[in-house]
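The values are calculated or read from the model by the stated rules, or taken from the named source; none is laboratory data. The shown structure was predicted, so the numbers you read here are calculated from the model rather than taken from an experiment. Neighbour counts run over all protein chains shown; Cβ positions are idealised from the backbone, glycine included.
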Amino acid sequence: MSGAASLMEVALFAVLALVAIVAALVVITHRHPVYSALCLVITMLSIAFLFLLLRSEFLWVMQITVYAGAVMVLFLFVIMLLDLRREERPWRFPENRLQVGVGTLLALALVAELIVMAVAVRLPGGAGGGISPEVVAAQGHTQLLGRLLYTEYVFPFEVTSVILLVAIVGAMVLAKKRVE
Amino acid sequence: MAVGLPAYLVLAAILFVIGVAGVVTRRNILIIFMSVELMMNAVNLTFVAFSSFLRALDGQVFVFFILVVAAAEVVVGLAIIYAIFRHRETVDVTDMNLMKG
């Protein structure tokens, strides 16, 4: 890969990562659920474009349509259905210094552990699974993924249809008004 | 690829911990649910990163299944939240103490 292209990739990664982290922080700190939901959409879109940076176009599209699209529309729909403007106990920063200190310390310890693991990870050398970016570019990501899904993973694929059916039935039973 | 695997894993770790913090600190059940989605997205990112750097597509098939399960989970979870709201008129988890009596 040429120098300019790799520099571009690093720059894109940095911007997307920054946007994802800032939007994620807004999700957990904003008082209004609608703004949290919209910032979660931004985080999911950033992650979608990171998928594209990792050369997986199909999951890029899936992430946008399923997560940023369907799931978040459902969230916004429920937020607006419940009319959550009247928040009885608005969230505010906890005043107990000890709680905040211990909580922050634990969170930083967890993230430090994960970072140490991430830096220490060593991949086996060689061609790995053999699906190099060149192979993906030549055959198409969707085609490769589809072939794997309908041959090796056909049983889990069938099971997911049952899961979706159960989810549909469960949602209808839960949301139905009880007729006395 | 110019950006290495550790960069993606570190980003996923940070997003995951932000999600954990959201679940632990917030009281609004919808925000808690969104934080769970955020954690799931972070895990998806690690799956795709490993799959891409190991040059095998199996990890991405798993992300596909996680997407399906997440969609089902959101549908059922939001239906439960809606049912609780109709019953108790609240989305505050501190008020959801039915099991405690």
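Looking only at segment A:44-58, count every residue that is without any contact (Cβ under 8 Å) to a residue 24 or more places away in the chain and either part of a helix (DSSP H, G or I) or not aliphatic (A, V, I, L, M) (or both) and tell me the total.
4
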Taking first residues from segment B:77-91 that are more than 7 Å from chain A (Cβ to nearest Cβ) and surrounded by 18 or more Cβ atoms within 10 Å (Cβ to Cβ) and second residues anywhere that are assigned to a helix (DSSP H, G or I) and modelled with pLDDT of 85 or more, the pairs with Cβ under 7 Å that are 6 or more apart or on different chains are B:Gly77/B:Phe33
Does segment B:26-40 include one or more residues that are facing chain A (nearest Cβ under 7 Å), of a type in the set (Ser, Thr, Tyr) and farther than 16 Å from A:Ala23 by Cα? no
Among residues belonging to segment B:39-51 that are touching a Gly at 6+ places or on another chain (Cβ under 8 Å) and among the small types (Gly, Ala, Ser), point out the one that is nearest to A:Leu40 (Cα to Cα). B:Ala42
Would you be able to tell me the number of residues in segment B:41-55 that are of a type in the set (A, V, I, L, M, F, W, C) and within 7 Å of another protein chain (Cβ to nearest Cβ)? 5
Determine if segment B:50-70 includes at least one residue that is among the hydroxyl-bearing types (Ser, Thr, Tyr) and under 29 Å from B:Pro6 (Cβ atoms). yes
Scan segment B:11-58 for residues that are touching a residue at least 40 places away in the same chain (Cβ under 8 Å) and under 11 Å from the mean Cα position of the chain (by Cα) and report the count. 2
Among the candidates A:Val116, A:Val111, A:Val135, single out the residue that is modelled with pLDDT under 80 and within 10 Å of another protein chain (Cβ to nearest Cβ). A:Val135
Hey, B:Glu73 hits all of (1) facing chain A (nearest Cβ under 7 Å); (2) at pLDDT 90 or above; (3) crowded, with 17+ Cβ neighbours inside 10 Å but one; which does it fall short on? (1)
